[in-house]
Each structure stands twice: as structure tokens, then as C-alpha cells.
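Below is one structure, written out as C-alpha cells; the observations come after it.
The values are calculated or read from the model by the stated rules, or taken from the named source; none is laboratory data. Not measured: the values here are computed from a predicted model. So basically every Cβ, Gly included, is an ideal-geometry build from the backbone, and we count neighbours across all protein chains shown. Surface areas here come from the heavy atoms of the whole protein model, side chains and all, with no ligands, DNA or RNA. Shrake-Rupley method; radii C 1.70, N 1.55, O 1.52, S 1.80 Å.
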Amino acid sequence: MPPLRDDAVVLRRLDYSETSQVLALFAREHGKIRAIAKGIKRRTKTRFATGVDVLDVGTVVFSVRVERSERLATLTEWKQTRSLFGLRDKLPRIQGAQYAAEITAALTEDWDPHADLFDALVATLEALAEASDPLPVVVRYQMALLEAVGSLPRLDACVLCGRESDLTHFSSFEGGLICRHCEPGQIEKREVSAASVSVLQSIAAALPPSSPRGVAMTGAFTVLNYHLAHLMGREPALSTAIVPRDAQRKVQ
């Protein structure tokens, strides 16, 4: 099969040997790809070792056997196309970007393309590189990822009865917000404030949140992270770097 070319974001990186790396890439037209970059760290008299870092954005050329697509692809060329230096200027920015990479790697399937999600991820990294407050950027990406993988919860009304008011709880198992009338009958649930509901609904409707900062945005992150943890079967490792666990417990 001839080599394939695509735009990609590096989600994960593992040093495979002194000269090679194994990469998890999220490519625009091919989805998540696991590829070995042989000799990418090798330095010669005429060439510096390049390496590829997590969260790099670039153009990739790779080859793969169709009948063995579950195996590693082979990276033959990498060219970085965006220099997001601002990501590493402040710790909350890089933590937000790493969180986005983690949940993307966990909830996307190999060779399942999501061009819109790729564009959203790149836009998120670019926004984080300049963000004074990374949290709203991260919350918007949580929503974009959930929509892309078909797991966006219902946020406009009670998922059980359709009531649009008195939305007081969220259930990941039921897949959305629950009103105070339906809540007593549910075992799996977490309380959510009216302010956080408003933020979630505004982002879902592509509107600027009425409370872009503070407790309401923290509550929106916590609800979506709770849902993501349910889907992943574990809590995202970097979630406590975004909002500390004690704060997630206290905030509604």
C-alpha cells in the first residue's frame, strides 16, 4: 500500500529504543493511529535528532498494511506545522492540553476518523496557548469530544420526563440532566447547581456562557468529567490537575 499523508496531533509518546519512538497520533482523515517512528531520535554528523513531542501538530506520512491495520503503522516522515510555544509558558495551559489529549486517546477508536473533532482539538490547543483562564477552553472541548463520539448528554431538559425546569442532578447512566421530581428514583446521580446547568446549556447551544469563570464553570467541568469517567471506566488521570479533587467534591 502506498504511503499515506495526513495532518495529526501527537496524543502520546513512548520511547521504544535509544533511537525510536511509538506514537499515538490523532489524524484528521484517518483517526487515531499508533505508529512506530524508527530512528527518529538518531543523530548523525549532518542531521540533528528531531524527536516528536506530545501535543505537537504537524503533517505525517506513514505506511500500514490494510490486512494488519490493528498493528503499528510505520512513520516515514514528520513535519511540525504549528509552534504552540505558549502552551508551555504556564502550567495550567499545558495541563489543560494534556487533559484534552488524554480523553481524546481514551474515547476514540483506531482508524475511526473525526475530522471535526480534529479541527476542534487543534483549535483548543491554539486557544490554550494564549488563554488567561484555560478552564472554559477545556470545558468546550469536553463537549466537542462527547458530541463527536455520540455520547453528548441531554442538557436541555430532564432526560427521563422532558421537564425543562428544576434540573438539579446529572446521571451518566441515564445520559443527561434529571429534574428534582425524577431524581429520588435514581441511584447513580450527582447534584448540579442551576448556574452550572446554565453554563452547560450555553456551551451546548454554542452561546457564550453567562458565567464564564468561577464556581459555575468549575461545576460544568466536574459534571462533564464525571460523565467522561463513566464512559472511560476510570477517572481521567489529569482531571485533578484541572480542578483539584476536593474542589470537585465541594462544587455542584
Which ³J(HN,Hα) values, rounded to whole Hz and listed in residue order, are derived for the range 185-202 from phi using the Karplus coefficients 6.51, -1.76 and 1.60 in 6.51 cos²θ - 1.76 cosθ + 1.60 with θ = phi - 60°, glycine and proline given as x?
x, 9, 8, 8, 6, 9, 6, 9, 6, 4, 5, 5, 4, 4, 4, 4, 5, 5
Could you pull out every one of the aspartates and glutamates with an alpha carbon less than 13 Å from that of K90, ignoring same-chain neighbours closer than 8 positions?
E130, D133
First compute the accessible area of the range 123-184 with a 1.4 Å probe, then give the percent of it belonging to carbon and sulfur atoms.
44 percent
For the range 114-141 versus the range 13-35, the gap between their alpha-carbon centres in whole angstrom
21 Å
Hey, can you grab everything whose amide H is under 5 Å from the amide H of T168? Only 5+ residues off in sequence or another chain; H modelled, so Pro and N-termini drop out.
I178, C179, R180
Estimated FRET transfer efficiency (S165, D246; beta-carbon r; R0 22 Å; 0.05):
0.10
Which of the following values of Cα extents along the principal axes in Å was calculated from the structure shown: (1) 56, 39, 35; (2) 50, 43, 34; (3) 70, 42, 29?
(3)
Could you run the Karplus curve 6.51 cos²θ - 1.76 cosθ + 1.60 with θ = phi - 60° over the range 221-230 and give me ³J(HN,Hα) per residue in whole Hz, x for Gly and Pro?
4, 5, 5, 5, 5, 4, 5, 4, 4, 4
Computed FRET value (nearest 0.05) for E235 with R82, which takes r as the C-beta separation and R₀ as 41 Å
0.85
At a 1.4 Å probe radius, which order do R13, R28 fall into by accessible area, largest first?
R13, R28
With R₀ set to 25 angstrom, the calculated FRET efficiency between the beta-carbons of T19 and T59, to the nearest 0.05, is 0.70
Please turn the phi angles of the range 105-115 into ³J(HN,Hα) values with the Karplus equation 6.51 cos²θ - 1.76 cosθ + 1.60 (θ = phi - 60°), one per residue in order, whole Hz, x for glycine and proline.
4, 6, 10, 10, 9, 4, 6, 10, x, 9, 4
